[in-house]
Amino acid sequence: MAKFLIIDDVPEDRTLLHLIINSQGNHEVLEAENGIDGLVLMRSQYPEIVFCDIKMLPMDGYMFAKAVQEIPELAGTEIIFYSAHFFDVPDPLNAAARVGVSHVILKTSEPMQMAEAVHSAITRAMHRKSQGISAGSPFGSQNAGNKDHYH
């Protein structure tokens, strides 16, 4: 079982992702409406996988991911951007990688693609656990910048 955190200001998007995660097994799923609330949950709950929207106020996904990377005990946590606004910034793949994002899923993706991304994230989390690597270790950031991890 993996612990997830979904950060999104749109309740329906959180619900959809929550359903997709639960279709992959009995996982603990936490939810936050923005990056600040997500950061508070990160510090108390230590999820292994975070799905984060990009365009939110008062703290957007890029600011959230950067803040996570600056906290040593959280720095290796896998962060996956889940957004409709990924291409709103110049050079979005490198921008995401610079803040430690391992994957990007567009909200316009088919549910099957989203389910595959969730399954892959669970597999990586279980691998980290089997290796004795905590969610906050640098292992999680090794794929940042690998363009094969963007959907």
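Just the residues that are touching a residue at least 60 places away in the same chain (Cβ under 8 Å), within 16 Å of ALA121 (Cα to Cα) and in contact with an Asp or Glu (Cβ under 8 Å, 6 or more places away or on another chain), please, taken from segment 7-26.
LEU17
What's the number of the condition ILE21 fails, among (1) among the β-branched types (Val, Ile, Thr); (2) over 17 Å from GLN113 (Cα atoms); (3) in a helix (DSSP H, G or I)?
Of everything listed in (1) among the β-branched types (Val, Ile, Thr); (2) over 17 Å from GLN113 (Cα atoms); (3) in a helix (DSSP H, G or I), ILE21 misses just condition (2).
Of the numbered conditions (1) in contact with a Phe, Trp or Tyr (Cβ under 8 Å, 6 or more places away or on another chain); (2) on the phi > 0 side of the Ramachandran plot, ASP91 fails exactly one; give the number of that condition.
Unmet for ASP91, out of (1) in contact with a Phe, Trp or Tyr (Cβ under 8 Å, 6 or more places away or on another chain); (2) on the phi > 0 side of the Ramachandran plot: (1).
Looking only at segment 114-129, count every residue that is under 16 Å from GLY76 (Cα atoms), surrounded by 15 or more Cβ atoms within 10 Å (Cβ to Cβ) and over 13 Å from the mean Cα position of the chain (by Cα) and tell me the total.
So the answer is 1.
Please specify each residue of segment 1-17 satisfying the condition of being surrounded by 13 or more Cβ atoms within 10 Å (Cβ to Cβ) and under 15 Å from GLU48 (Cα atoms).
Hits for segment 1-17 are ALA2, LYS3, PHE4, LEU5, ILE6, ILE7.
Suppose we keep only residues that are within 14 Å of the chain's Cα centre (by Cα) and in a helix (DSSP H, G or I) within segment 26-40. Which one would you say is surrounded by the fewest Cβ atoms within 10 Å (Cβ to Cβ)?
LEU39
How do the helices (runs of 4 or more DSSP H) wholly within segment 41-151 filter down when requiring 1 or more residues that are at pLDDT below 85 and in contact with an Asp or Glu (Cβ under 7 Å, 6 or more places away or on another chain): which remain? Spell out how you get there, then give the answer.
Values: elements: 61-69, 92-98, 111-130.
The qualifying helices (runs of 4 or more DSSP H) are 111-130.
Could you grab me the full set of residues in segment 48-76 that are crowded, with 24+ Cβ neighbours inside 10 Å and touching a residue at least 40 places away in the same chain (Cβ under 8 Å)?
GLU48, ILE49, VAL50, PHE51, CYS52, ASP53, MET56, GLY61, PHE64
The values are calculated or read from the model by the stated rules, or taken from the named source; none is laboratory data. All of these numbers come straight from a predicted model, not from anything done at the bench. All Cβ positions, glycine included, derive from the backbone under ideal geometry; neighbour counts span all protein chains shown.
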